[in-house]
1. With a 1.4 Å probe and all protein chains left in place, how much of the accessible area of region A:524-621 comes from carbon and sulfur atoms, in whole percent?
2. Given R₀ = 45 Å, what would the calculated FRET efficiency be for B:Ser158 paired with A:Lys773, taking r from the Cβ atoms and rounding to 0.05?
3. Got a number for the accessible area of A:Met741? Probe 1.4 Å, square angstrom, nearest 10.
4. Where a ≥ b ≥ c are the square roots of the eigenvalues of the C-alpha gyration tensor, would you call region A:3-52 rounded, which needs a/c under 1.5, or, failing that, prolate if a/b is larger than b/c, or oblate?
5. With a 1.4 Å probe, what is the total accessible area buried between chains A and B, in Å² rounded to the nearest 100?
6. Which pairs in the list A:Lys566/A:Lys773; A:Lys218/A:Lys329; A:Lys618/A:Lys919 are over 31 Å apart, alpha-carbon to alpha-carbon?
7. What length, rounded to one decimal in nm, is gained on full extension from A:Asp449 through to A:Lys333, with 0.36 nm per residue of separation minus their alpha-carbon distance?
8. With labels modelled as points extended 7 Å from the Cα through the Cβ direction, what inter-label distance (nm, one decimal) is found for A:Thr37 paired with A:Leu353?
Amino acid sequence: MTPERYERIGELFDAALDLAPDDRDGYLSQACAGDETLRAEVVLLLANHQRARNFLAPSEPLIDSIGPYKIQRQLGEGGMGTVYLALQETPLRREVALKVIKPGMGSKAIIARFEGERRALALMDHPNIAHVLDAGATAQGLPYFVMEFVDGLPVTRYCEQHNFSVRQRIELFIPICQAIHHAHQKGVIHRDIKPSNVLVKQVEGLAIPKVIDFGLAKALHPETTGDTMMTNVGVILGTLQYMSPEQAQTGGSDIDTRSDVFSLGALLYELLTGSTPLDAKRLALENYHALLERVCDEEPVAPSVRRRESAASALSGTLDRELDWIPLKALEKERDRRYESVNGMVRDLERYLAGEPVEAAPPSRAYRARKFVRRNRLSFAVASAFLLLLVAAVVVSASLAVRARQAEQEASAVNTFLRRDVLAQADPRNQAKPNTPPDANLTVRTALDRAARGIAGKFPREPLVDAAIRDSIAHAYQGLGIYPKAEEQAQRALELRRNTLGESHRLTLESRQMLAMLVSVQGRYRDSEPMFTALLADCRKSLGPDDPDTLEAWAALARSYNLQGKFEPALEQFRQVEAAYSRVLGAEHPSTLSTMESRGSVYFAQRKLDQAEALQAKVLAARKRTLSEEHPDTLRAMTSLAATYHVQVRYPLAEELYRRALAIQRRVNGVPHPETLITMFNLGTLLTNQARHAEALTLLEENRAARGAVYPPDHPRTLRLLVNLSYLYGRLGRVADELRMLEEAYAGQRRVLGPDHPDTLTSMVSLADLHAKSQPDRAEALARDALKGLRGRFGPTHPDTVSAVCSLAKLLQARKQYAEAERIIRESLGAQQGQAGTPGYRLRLMSQLGEVLAAQPDRWNEAEPLLLEAYEAMTPGKNLEEIEVFEEAGKRVVDFYTAKGLPAKAAEWRRRVEADVLKSKTILQ
Amino acid sequence: MLSAWRDGDPEALSRLTPLVYGELHGLAQAYLARERPGHILQPSALVNEAFLRLLEWQPDHWQNRAHFFGVSATLMRRILVQSAREQHTLKRGQGALRVSLSEASDVAAQQPEGADVLALDSALDSLEKLNPRQARTIELRFFGGLSLEDTAEVMGTSVSTVRRDFRMAQAWLYQQLSRPA
């Protein structure tokens, strides 16, 4: 575009704006005289003028205080007036929201009406109600209200942004109802419940809804329908969609709490379907009286149907038909047919969430029965599996340890134990209590807990039976991911077997294996290694080198090397175990495949991705063939392969695989299960990588919340989650959270994994980056230690090592230790020589060196060619990380020319870099 | 010093600038440190605060208010861009400063969720080539927080020109910044 062209567009733009909107089209057609491009440009600009509103406009300092409140800034403009953020100084200093009502609404009457309700308002005390604190009139005579400031989003937008599921939406909606119910009990009717009056703020990751504007509607609305105030179509629409028929008809003279029930119903309807009961698009086309008619007569479409119809909306998935009844009952035109109180609605929602029949629909017998079976089906299945396990344990122990006659007695003892202590609990008739959430594991967990407690002292003379049952319980707990309890039982079983059978009996060895595995799976890798080492030696001695149990112990030892970041020994051990398995059990035996899978994961950790991919694909194919698509091992292989795609930045492939695995895992395992958690974590990280922050946050926060049930708070995987969450917070601008969480993760990693673990080392580099300014000494020490550790662990050419070099160089440069910065980079550059597949890192280091030299004016001559060559030679396009490095290299060139006092050249380069980066990003997407 | 500058002492501006800069910089840092997403960046509020502080040493202010803000606007732009760049290079990965646009909560129109200072800065550079007067108007109004009247005074034009310039520049920049990348 040329200045002349811009000027011409400006003339037309100004002229059009001076005309009435209807005349603009005609004018432009004529003025542009066939130049369609010109016309389109003006039209686009006009449209953006409409949208831009207050964009870049300073808040006019018309008023800097109202009464005792100091205005900070404008928060928004609504139908009724303008809302400001203000500061209250006395009696306490706090931020408040101040709503100044538009002129022409009779401030005296408004304030008088508000005063009339003030006593009632003062009685409300509920965490989900934002209080109206004060009311008054400005110097110009405009009424204003002072409210608790809620820094949040309208509930509908919040749910959208966070991709809330139906369940999450209902769970968020319930406290809103409770707030309204509380107000009703204090004699206050809200009268204007709509999304913009229900704000949701985020407090420590939790969504807290707050209902605002209590008492305002009554104060503002005169006795009859305020045609005077309904001058703005937007206001009418915004309000009518949530207004009960009696309120719309009488303008508020004959309403009661059931009018709020109606509005809540409309809000719930919108939360569930994405649109209001009366379609807003159609409403906009009609006149006020037609609108009123529809509010009074039109029955809303069932939410589940509406949701299906609006398949294009952001909401995905279908809605349970049963849920239809709740909003529909609240939205009944005749108030006698609605819920009598908000509480009735809450109870029904809770029933729905608990999987119980809702009251809203007349429940038939068959319907109740259907619900009951659905609720308990999963529990039945899991309970049966567990019982089979117990019975098997008894049979094994009986045949192994005892003679026939004794076996009979013991079998009967075990039977009694099972019947009284376990089966009684597993019977759904005994565990189905009202208001119990449908927890898939409830039956089994209760049964297990009961069995674990009940077994003590039951078999004083049969320690092996005791041990076998405990071993089964431990396995069952482990299957459910409840590791501490599993460990407790496994420990006890081991003691019993050790005392009875000795250290080297197969059963004792099995118990040792189980216990060491449980220690490892809880993240105590360093504790588990000596346990596995000793176990392997004893197995070889007692069972022989090719015994499956020996091989299992061997594989477990290799895994513990891998988990501790000892990659080379792990790889070597895995290779040997795999060969042995293949020889003894066959090439496609599950154990052979598991070992191959483990070997792939070592390559993965070393970022030898081609090798990792090849192994993982092979394992996945074999598992699909020999097991099934839904088998947990198949799903794990799916997640592993997806992770490799993820790191290779083949995002669509990765996402599809993650999602496929996660959907099945959620269904089959439930959420608080280790493998579900891993897939979820990876998918959350993938979304973070793609800058899909809201989706990522929802998933990672869910993951964090669910972990508590499975892992101790300082489990390595939880710590890794903290690191990624911290990064995400940084992207979201929550700097304090970012730092706090990273420090927490790092402290945990040092404690649990030790200072040399790769996870600890990469956290150190991140911390060094973040503390570069605030704690330069500590940052430098961190970066130096991390670099040393990473070099030792991964070698000098691993991406993490190169990143550490660059971080340290930046720190040194900021401290003006140029020579040292230069030395470190040159050393690393030297190490890259002759290494295959790492030219990108050489260029990154080169550009970094250019930056160090550019900071020293006497070495500008050397800096320039380095900076230019590095940038020119880089070819980003494979992943986002590379683009960031590329962009950084470009910025260095720009900064260099700026520092050198060549602004024109700097500007030229800036344009070029921006264009290049844009192009690379486009290619990637 | 401010009035010396108005009276035509060319030295006064260069002596004044570091003073104002220091003040603005401190305020901007303090502001950015507590900046959270969802909060609206109002550089004008910062400039205002700086002005009030400087008044304490410089009581002879009212005649120079517009001029003071004129200088401050440019400085504020520079400070914010600089801070955004620093954030960008210091952070792990890419951590550009986010600035949200003000938006009425009652209206659910589609607006760009935010624009960063760097993007605005470079769009302003482009605008400067097309229409320097409009670019300066935005700088004064947005970064300096000047009213229409003060902007007109600094630019030596009429209020209606400022209004028109602002209106078009606002729409054009909005268009540039909301364009999908």
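1. On the way: 2250 of 4120 Å².
Carbon and sulfur: 55 percent of the exposed surface of region A:524-621.
2. Computed FRET efficiency for B:Ser158 and A:Lys773: 0.45.
3. Surface accessible to solvent at A:Met741 totals approximately 0 Å².
4. Working: a/c = 1.55, a/b = 1.10, b/c = 1.41.
It comes out oblate by the Cα gyration axes.
5. Details: alone 44310 and 10450 Å², together 49620 Å².
Buried: approximately 5100 Å² between B and A.
6. On the way: A:Lys566/A:Lys773 34 Å; A:Lys218/A:Lys329 25 Å; A:Lys618/A:Lys919 36 Å.
As for pairs spanning more than 31 Å Cα to Cα, those are A:Lys566/A:Lys773; A:Lys618/A:Lys919.
7. Working: separation 116, 0.36 × 116 = 41.76 nm, distance 5.07 nm.
Answer, rounded to one decimal: 36.7 nm.
8. Distance between the two pseudo-spin positions: 5.9 nm.
The values are calculated or read from the model by the stated rules, or taken from the named source; none is laboratory data. All values derive from a computational prediction rather than experimental measurement. Cβ atoms come from the backbone with ideal geometry, glycine included; neighbour counts cover every protein chain shown. Side chains included, ligands, DNA and RNA excluded: accessible areas come from the protein's heavy atoms. Shrake-Rupley method; radii C 1.70, N 1.55, O 1.52, S 1.80 Å.
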